[in-house]
Structure formats: C-alpha cells, structure tokens
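Worksheet: one structure, shown below.
The values are calculated or read from the model by the stated rules, or taken from the named source; none is laboratory data. Nothing here was measured: the structure is a model prediction, and the numbers come from that model. As a convention, Cβ positions derive from the backbone with ideal geometry for all residues, glycine included, and neighbour counts pool all protein chains shown.
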Amino acid sequence: MSRKRTEIISPDAEEVERLLHATTDARDKERLIVARMAMSGQHTLAMMARVSGRSRSTIQVWLERFREGGVEALLERSTAPGSTPSLDFEVQAQMVEKLRNGAWRTARELRMWLERDHSIKLSLAGCYYWLGKLLGRLKAPRPIHAKQAAGAVIDFKMSGWEERLNSLDIPHGAPVRFWIMDESRFGLHTVVRRCWGLPGIRVVKSFQQRFEWEYLYGSINIITGEPVFYHMPEVTCVAVNLFLGEIAAGDPDAHHVVLWDGAGFHQPPDPDDPECPDLTKVHVLKLPPYCPELNPVEKVWDQLKDAVCNRVFKSIEDLRQGLLPKLQEFWENPLGLSSLIGNNWLRQKISKYLAGHFTCF
C-alpha cells in the first residue's frame, strides 16, 4: 500500500512560483521547492525530505507554517544562520575604536579588557580570531612629542598658507626656490639595524661606542627634489647661516624660501653680522613646535643611517666616505628624493600659490 501524498491548497501558488524564479537565497529556494511539491499533491513527506536533504520533522514544520501564514511565514527566519558570536556588535564596535587608538599591545591585554569591562572570558586563540576578524594588525606606533599641541599638524597643513607666503615680501614675478631643511647627527657610535639571516644561526656584527660625531645639514627643493647637503662640526646659528649661504649661492638671482623647525639655532639671518653671508634673498618659515613628522627630510636621515648601519668606522672621514655613495645617489637622482615628499599637502599648497605669483622651480 502506497504512502499518503501530502497536498496543500494555497492561494499563494502564483507567489511561490514567482519567488522561486526570482530569489537568489538558497535557503529560501529550498523552502519554496518543498511548498511547490506539497501543492502538487504528488509527493510524500519522505520524498520531499529526500529531495531537500532535510528531515521529515523539518519538512512538517515548514509546511505547517505555510498552511497557517502563507509564503511570508514559510520564509521567515527568527535568527541568523550559524552560531551566536562570542562578541556582540556593541563590543565589536568598542574593540574597533580601541584598535584605531592602539589600546592593546598584546592579545593578553585584549583578553583582560574583555573580562574586566564586559565579563567575557575568551581564550587567547579567540582573541587572535577577533583581532583578525576586525582587521587588527600589529604595528609600530608613530611617536608624537608629548608637548605637541592638539591639532597643530592639521591646522598647519590646512590654513594660513597665503598669509605666511604674503608675509615674505618677495617681489611679484620673481624666481623662487622653495626648500625644506633639517640637520642630523652622524657619529662613530655604530647604528644597529635588522638584516637577513638564516634560521637557527645568530647574526653577529661588530659594534663600537665612540662618542665622536658631526652634523649633516640637508635641504630638499620641494618642487624639483634637488638636494643640498653640507657637513658641519656643530649646530649653531653661525653654522646654519653658512648652510643658508650654500643654498643661496646655488642660484644668486632667485629668492629662496626655507621651511624649518623651531630649533634654537634656527634664527633669521642677521644682516648686521659681518661674518654672515649675503642672505638678503633668503626667507624662512617655521614649522609648528614638536612636529617633526611635517618635515620629509627626516626620511632622508633614515635612509642614510640604513647606508651606514652595522658597520664600524675608524674616523669621521671614514664615516663621510660611507655616506658618500648614498648622497651621490640623491644628487644624481633628485626624483628619488622628490618621491619622499610625494604629491602631498606641502607640494600642492606651494605649487598652487606660487604658480599664480612667481616663477617657481
């Protein structure tokens, strides 16, 4: 004796057919297929269960919903598929905000925060899972001076440029070169940095602590990337003026605008000083205090220290020779230095303003 066929008479037959062809959700589609089979009256519960890959009890639940509430009740799902996440959306949002601010250095610190603030006990493996799930990455933070004023960097980038440049009193149409400068100490104390090695083999490099040094002054043309470098034994107002004289001597007919930080020895040239070179066409602008990240020359020093790291130099002259190949590379390829500046706020602000007022190069 054959099993009794299940048959449902429903006014939603046309809607079932329409949704069956329109839906892209596989979970909805399997329920609609079961409903259509039931409305045909040609299939048993066992046959519908076999076709859908579901148990007979599940098919019975679906059909009962269909009888009582139609297609809408059939397709309704009270909970999302899958297991309930261990962290709800509110905790996830708080975690993303703390990741944005670098609140944790280790997964263990995240684990302690979850238990202390949310009474959630999570394994270290679970912490690593959520760090990856929320796109967390282990990063070295960019240091910011504790005395840097809040918003100083953004304010300097976004406002006041026209007033600053107008205050320089440069004749309209005059040729102008725009520079950014800095200085850095290089000495015989060995700079140690990471290098490639092999697993299980410790890399050993010679090292010395000798407190002899000199200073390298550097300036980059913000528009062309052209560099000027100068070795000096000290950082003083006199040494700075000598370096500004080197910049001005490169093109005596042009006005030179130099952007630098607020170090004590960075003072405007004194025209009454007999030892000071002719700096009448040199104009200076200051970066805001404690904001070295605004100066792209800082990146040059990092590359130069890469060039002499893990090496022992017997004298300052040997150190100069060690720096020379990298400096030569900068002189021969100013575009490489220009890429350190990039098409950023500084170049855009200066190019936009100077293009309408001066011959800028």
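Take L285 and decide whether it is under 27 Å from the mean Cα position of the chain (by Cα), more than 23 Å from C195 (Cα to Cα) and either assigned to a loop (DSSP other than H, G, I, E, B) or in the same structural domain as G187 (by TED's automatic domain parsing) (or both). The answer is no for L285. When you check G336 against the structure, is it under 22 Å from the mean Cα position of the chain (by Cα) and under 24 Å from W196 (Cβ atoms), yes or no? When the stated conditions are applied, G336 passes them.
A Cβ distance below 6 Å, combined with a sequence gap of six or more or placement on separate chains, defines the contacts here; from region 26-44, residues that are part of a helix (DSSP H, G or I) reach residues that are loosely packed, with under 15 Cβ neighbours inside 10 Å in the pairs K29/T23.
Would you confirm whether any residue within region 202-214 is under 26 Å from V258 (Cα atoms), in contact with a His (Cβ under 9 Å, 6 or more places away or on another chain) and of a type outside the set (K, R)? There is at least one residue in region 202-214 that is under 26 Å from V258 (Cα atoms), in contact with a His (Cβ under 9 Å, 6 or more places away or on another chain) and of a type outside the set (K, R). Here the helices (runs of 4 or more DSSP H) wholly within region 110-195 that include at least 1 residues being within 23 Å of the chain's Cα centre (by Cα) and surrounded by 11 or more Cβ atoms within 10 Å (Cβ to Cβ) are 124-133, 152-158.
Every residue, every condition in (1) in the same structural domain as L216 (by TED's automatic domain parsing); (2) among the hydrophobic types (A, V, I, L, M, F, W, C); (3) in contact with a helix residue (DSSP H, G or I) (Cβ under 7 Å, 6 or more places away or on another chain), yes or no:
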site	(1), (2), (3)
I247	yes, yes, no
P252	yes, no, no
D272	yes, no, no
C291	yes, yes, yes
W301	yes, yes, no
K326	yes, no, yes
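How many of the residues in region 37-61 are at pLDDT 85 or above and within 14 Å of E17 (Cβ to Cβ)? Going through region 37-61 one residue at a time, the tally reaches 1. Right, G200: surrounded by fewer than 10 Cβ atoms within 10 Å (Cβ to Cβ) and in contact (Cβ under 8 Å) with a residue 12 or more places away in the chain or not? Here the answer is no, as G200 does not meet what is asked.
Return a yes/no flag: does region 227-247 have any residue that is in contact with a Ser or Thr (Cβ under 9 Å, 6 or more places away or on another chain) and in a loop (DSSP other than H, G, I, E, B). No, there is no match, as no residue in region 227-247 is in contact with a Ser or Thr (Cβ under 9 Å, 6 or more places away or on another chain) and in a loop (DSSP other than H, G, I, E, B).
For D270, the conditions (1) touching a Lys or Arg at 6+ places or on another chain (Cβ under 8 Å); (2) among the acidic types (D, E); (3) at pLDDT below 90 are fulfilled apart from (1). Just one of (1) assigned to a loop (DSSP other than H, G, I, E, B); (2) surrounded by 20 or more Cβ atoms within 10 Å (Cβ to Cβ) fails for V258. It is (1).
Among the candidates S83, S57, the residue that is part of a helix (DSSP H, G or I), among the hydroxyl-bearing types (S, T, Y) and exposed (fewer than 12 other Cβ atoms within 10 Å of the Cβ) is uniquely S57.
Quick one: is L99 more than 30 Å from G264 (Cβ to Cβ), of a type outside the set (K, R), surrounded by 15 or more Cβ atoms within 10 Å (Cβ to Cβ) and modelled with pLDDT of 95 or more? Criteria met by L99.
Close Cβ contacts (under 8 Å, 6 or more residues apart or on different chains) running from residues in region 108-120 that are free of Cβ contacts under 8 Å to residues at least 60 places away in the same chain to residues that are charged (D, E, K, R) comprise W113/K98; L114/K121; E115/K121. Does H231 fit the bill of being buried (at least 18 other Cβ atoms within 10 Å of the Cβ) and either within 28 Å of V308 (Cα to Cα) or assigned by TED's automatic domain parsing to the domain that holds D318 (or both)? Taking the combined requirement at face value, the residue does not satisfy it. Residues that are in the same structural domain as A248 (by TED's automatic domain parsing), touching a Pro at 6+ places or on another chain (Cβ under 7 Å) and of a type outside the set (D, E, K, R) are absent from region 191-205. Name the pairs: first residue in region 327-346 and in contact (Cβ under 8 Å) with a residue 24 or more places away in the chain and over 13 Å from P227 (Cβ atoms), second residue hydrophobic (A, V, I, L, M, F, W, C) and part of a helix (DSSP H, G or I), Cβ to Cβ under 9 Å, at least 6 apart or on different chains? Partner pairs satisfying both residue conditions: W345/M158; L346/L294. The condition of being at pLDDT below 85 and over 30 Å from L131 (Cα atoms) holds for only one of S83, S10, that being S10.
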